[in-house]
Amino acid sequence: MIEPVDDRTWVVKRDVDSSPEAIIDRFGGGYRLRRFSLTESRRTQHGVYTGLEIAETAWWRLRDPDRRRQH
């Protein structure tokens, strides 16, 4: 699920009560996906996507290597 933080930032969570796993923020004309961390330097970048939902889908595919091999 995607949960808004402000008008330019969202976090990706497994469900409402889960901790954030990834952060998506507006970046240029797209949405930058990074692993969530409270420390900015530990936010691993995973690309820029054209849509918010596409960035979320990319996160779940990164987390599930078996599913990545099927596509």
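The values are calculated or read from the model by the stated rules, or taken from the named source; none is laboratory data. Note that the structure is a prediction, hence the values are computed from the model and not measured. Neighbour counts run over all protein chains shown; Cβ positions are idealised from the backbone, glycine included. SASA here: full protein model, heavy atoms, side chains in, ligands and nucleic acids out. Shrake-Rupley method; radii C 1.70, N 1.55, O 1.52, S 1.80 Å.
All conditions but one from (1) in a loop (DSSP other than H, G, I, E, B); (2) open to solvent by 70 Å² or more (accessible area, probe 1.4 Å) apply to Arg26; the one that does not is (1).
For (1) within 13 Å of the chain's Cα centre (by Cα); (2) of a type in the set (A, V, I, L, M), each residue gets a yes or a no:
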{"site": "Pro4", "(1), (2)": "yes, no"}
{"site": "Lys13", "(1), (2)": "yes, no"}
{"site": "Tyr31", "(1), (2)": "yes, no"}
{"site": "Arg34", "(1), (2)": "yes, no"}
{"site": "His46", "(1), (2)": "yes, no"}
{"site": "Gly51", "(1), (2)": "yes, no"}
{"site": "Ala58", "(1), (2)": "yes, yes"}
{"site": "Leu62", "(1), (2)": "yes, yes"}
{"site": "Pro65", "(1), (2)": "no, no"}
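Filtered by the rule that a residue be within 18 Å of Gly51 (Cβ to Cβ), open to solvent by 20 Å² or more (accessible area, probe 1.4 Å) and part of a strand (DSSP E or B), the range 1-23 gives Ile2, Glu3, Pro4, Val5, Thr9, Trp10.
Look at the range 17-44: where a residue is under 18 Å from Ala58 (Cβ atoms) and free of Cβ contacts under 8 Å to residues at least 60 places away in the same chain and a partner is open to solvent by 20 Å² or more (accessible area, probe 1.4 Å) and of a type in the set (S, T, N, Q), sitting 6+ places away or on another chain with Cβ atoms under 6 Å, you get Asp25/Thr9; Gly30/Thr50; Arg34/Gln45; Arg35/Thr44.
Against the definition (among the polar types (S, T, N, Q), surrounded by fewer than 17 Cβ atoms within 10 Å (Cβ to Cβ) and in contact with a strand residue (DSSP E or B) (Cβ under 6 Å, 6 or more places away or on another chain)), how does Thr50 come out, yes or no? Give the steps one after another, and end with the answer.
Numbers: among the polar types (S, T, N, Q): yes; surrounded by fewer than 17 Cβ atoms within 10 Å (Cβ to Cβ): yes; in contact with a strand residue (DSSP E or B) (Cβ under 6 Å, 6 or more places away or on another chain): yes.
Yes, satisfied.
Scanning the range 38-65 for residues that are at pLDDT below 95, under 19 Å from Met1 (Cβ atoms) and assigned to a loop (DSSP other than H, G, I, E, B) gives a single hit, Asp64.
I'd like to check something: does the range 34-47 contain any residue that is of a type in the set (A, V, I, L, M) and surrounded by 14 or more Cβ atoms within 10 Å (Cβ to Cβ)?
Our first condition is that a residue be of a type in the set (A, V, I, L, M); within the range 34-47, this holds for 38.
If we keep only those that are surrounded by 14 or more Cβ atoms within 10 Å (Cβ to Cβ) too, we end up with none.
No, every residue in the range 34-47 fails to be of a type in the set (A, V, I, L, M) and surrounded by 14 or more Cβ atoms within 10 Å (Cβ to Cβ).
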